[in-house]
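Trainee: Mind having a look at this structure? Questions to follow.
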Amino acid sequence: MRTTPEQPHRHGWGRRGTALVATTGLILTTLVALANPAQAASTLGASAAEKGRYYGTAIAAGRLGDSTYSTIANREFDMITAENEMKMDATEPSQNQFSYGSGDRILNWALSNGKRVRGHTLAWHGQQPGWMQNMSGSALRSALLNHVTQVATHYKGKIYAWDVVNEAFADDGRGSRRDSNLQRTGNDWIEAAFRAARAADPGAKLCYNDYNTDGINAKSTGVYTMVRDFKSRGVPIDCVGFQAHLGTSLPGDFQANLQRFADLGVDVQLTELDIQQGGNQANMYAAVTNACLAVSRCTGITVWGVRDSDSWRTGANPLLFDSSGNKKAAYTSVLNALNAGGGGGGGGGSTSIDTSAWYVLVNRNSGKALDVYNLSTADGARITQWTRNDGNQQQWQFTSTGDGYYEIRSRLSGKNLDVSGRSTADGGAIVQWTDNNGTNQQWRATISNGYATLISRNSGKALEVQGASTADGAAIVQYSSWNGANQQWQLVRVG
Ligand code: G3I
């Protein structure tokens, strides 16, 4: 039996203070709601975050000193990929001599600016250092696995997702593996690389990444068959990257292709998007954005560079900013698509609750995630919102009580979301507490258009971000349900 924490000061919110904050919260909430009726974010990263996704770019270390470039990159994007600096030739130029200077520069720039990082790439037939190009057989296999282990260990805990293996399938119209020195070490080289990566950095999502796999075709079906096999045999794979280097037309089955992979139980991401400039570039960018928004496991989009002049596709002008750093029509079209939320298609959140899943709960108003403050595992620890990082302190599992309510359990602590002191007041603090079957630990979930409202069984009040704050560390409280965006939560499945 639990002892209810009766002393309000224990959470730093006195009763009188709570009432005051609650009143202020209502005023603030109303003001924010009026001031920002459409919740239209003004940058790609912020808008994507409102949809529980990221919007990223590739960065070249050598360009970070260009202030036009770094200003745009910092303002618009919340996920960063090193364009070349974490590849095999960059990180292990001589065998067993690792070189992380340029990769670290990009990583540190991203992390210090509050962004996440996709690692690209641990194993690839391309951009191998000279010493590796000349290797074969078991010596090459060992060298490859050593490379995967060393690099993933160096970046352990700092990478959101690794492209573990890049471009291992051929363009032969038959869905075959690409011939390469790595492939010739044995067909199991890909799964061996995934297992080594998981062992080195268990916190990173592990992706397979390829091009010309954007529609349903022989190559993408080859990858699909491999991923299905990996999932059935427990090979650790979490995501599939679709490079999406596109010409002037989008495969009609682009979204369906993403969905069929998502249905295998992996996340999908567009990892190197660029689209040939032409009559319909802006429309194609919108269509790609909408396709991702319509697939709940499409977790984000990365464009392969900032300005057209930064692109590897010289002359194609395939990016969102022109060579002077001005926003192109394609940029506006992506931002509008993100803000519109994909034409009413679910908004990216789950539309039903799977009690075996782990979810990140992303607030509709702030784009931030429900978070156990300061990684606490203690009873009474406060729950706040924080920039999404998908850590265990941001992952929650729903357990049905069998009568329409759920307990919501932290992956970090194993404790339940709890209305502190069984409060029934507006502004009552939300904490974590050991499971005690109390009605103050039970929540009715109503999902509409991809957003869940969570109502306490004990108080009838809704889980909300106090005062519609958009700041890290803002308190989560209960408040009378009014359907505000700060009371709506996107359930983004992460496990
Ligand atoms: O920095 C050197 C420069 O000093 C030298 O004079 C010059 C001579 O060619 O080369 C420069 O390095 C180039 C490097 O980009 C940096 O600009 C390399 O030659 C060039 O090969 C390299 O190209 C990269 C390419 O991967 C290599 O395969 C592109 O930047 C990069 O955008 C591209 O990215 C790939 C993804 O990793 C995988 N998917 C396809 C995508 C596009 O090809």
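Please treat every number below as a calculation from the coordinates, not as lab data. Worth saying up front: this structure is predicted, and the values here are computed from it rather than measured. Glycine also receives a Cβ, built like all others from the backbone with ideal geometry; neighbour counts cover every protein chain displayed.
Trainee: Under a straight-distance cross-link criterion of Cα-Cα below 13 Å, which aspartates and glutamates are reachable from Lys368, leaving out those fewer than 8 residues away in the same chain?
Mentor: Partners found: Glu50, Asp78, Asp390, Glu464, Asp472.
Trainee: If you line up the Cα atoms of region 53-347 on their principal axes, what length do they span on each, largest first, in Å?
Mentor: For region 53-347, the Cα extents along the three principal axes come out at 51, 41, 33 Å.
Trainee: Something else: Take every DSSP beta bridge whose two residues both sit in region 53-347, then give the antiparallel share in percent to the nearest 5. Write out the running numbers ahead of the final one.
Mentor: Details: 3 of 39 bridges.
Within region 53-347, antiparallel bridges account for around 10 percent of the total.
Trainee: With a Cα-only, solvent-free Debye model of the chain, what are the log10 I(q)/I(0) values at q = 0.07, 0.11 Å⁻¹?
Mentor: The computed values of log10 I(q)/I(0) come out as -0.39, -0.92.
Trainee: Now a separate question. Can you put Asp238, Asp322 in order of Cβ neighbours within 10 angstrom, beginning with the fewest?
Mentor: Starting with the residue having the fewest Cβ neighbours, the order is Asp322, Asp238.
Trainee: Give the span of region 243-326's Cα atoms along each principal axis, as three whole-Å numbers ordered largest to smallest.
Mentor: Answer, in whole Å and largest first: 41, 21, 18 Å.
Trainee: Go through region 40-46 residue by residue and turn each phi into a ³J(HN,Hα) via Karplus (6.51, -1.76, 1.60, θ = phi - 60°); whole Hz please, and just put x for glycine and proline.
Mentor: Result, ordered by residue: 7, 6, 10, 10, 5, x, 5 Hz.
Trainee: Now, a different point. Can you list residues from other chains, or at least 5 along the same chain, whose modelled amide H is less than 5 Å from the amide H of Gln276?
Mentor: Excluding prolines and chain starts, which carry no amide H, the hits are Leu246, Gly247.
Trainee: May I pose another question? Take Lys368, Lys327, Lys51 and order them by how many other Cβ atoms sit within 10 Å, fewest up front.
Mentor: In increasing order of surrounding Cβ atoms, one gets Lys327, Lys368, Lys51.
Trainee: Taking the DSSP beta bridges in the chain as the whole, what percent of them are antiparallel, to the nearest 5?
Mentor: Working: 41 of 77 bridges.
Counting only bridges with both partners in the chain, antiparallel ones make up about 55 percent.
Trainee: Arrange Ser70, Ser333 by Cβ neighbour counts within 10 Å, fewest through most, would you?
Mentor: Taking fewest neighbouring Cβ atoms as first place, the list is Ser70, Ser333.
Trainee: Something else: Work out from phi, with θ = phi - 60° and the Karplus expression 6.51 cos²θ - 1.76 cosθ + 1.60, the ³J(HN,Hα) of each residue of region 402-408, listed in order in whole Hz, and give x for Gly and Pro.
Mentor: Calculated HN-Hα couplings, in order: x, 10, x, 10, 10, 8, 10 Hz.
Trainee: Here is a further query. Of the peptides 93-100, 472-479, 435-442, how do they stack up when ordered by the mean number of other Cβ atoms within 10 Å, highest first?
Mentor: 472-479, 435-442, 93-100
Trainee: If the cut-off is a Cα-Cα distance under 21 Å, which lysines reach Lys219, setting aside same-chain residues fewer than 8 apart in sequence?
Mentor: Of all the lysines, those that pass the test against Lys219 - Cα under 21 Å, at least 8 places apart if same chain - are Lys231.
Trainee: Where a Cα-Cα gap under 17 Å defines reach, which aspartates and glutamates qualify for Lys461, not counting those fewer than 8 residues away within the same chain?
Mentor: Glu407, Asp418, Asp426
Trainee: Hey, which of these cross-link pairs are over 20 Å Cα-Cα: Lys158/Lys205; Lys51/Lys327; Lys87/Lys158? Don't skip to the end; give the middle numbers.
Mentor: Values: Lys158/Lys205 11 Å; Lys51/Lys327 22 Å; Lys87/Lys158 16 Å.
Beyond 20 Å between Cα atoms: Lys51/Lys327.
Trainee: What order do you get for 128-135, 227-234 when each peptide is scored by the mean count of other beta carbon atoms within 10 Å, highest first?
Mentor: Per-residue Cβ counts within 10 Å, averaged per peptide and sorted highest first, yield 128-135, 227-234.
Trainee: May I pose another question? Once you order the gyration tensor axes a ≥ b ≥ c over the Cα atoms, which shape class does region 395-495 get: rounded for a/c under 1.5, otherwise prolate or oblate by comparing a/b with b/c?
Mentor: Because its axes are fairly even, with a/c under 1.5, region 395-495 counts as rounded.
Trainee: Still on this model: How much net charge surrounds Leu293 when only other residues with a Cβ under 10 Å from its Cβ are counted (Lys, Arg +1; Asp, Glu -1)?
Mentor: Result for the neighbourhood of Leu293: +2.
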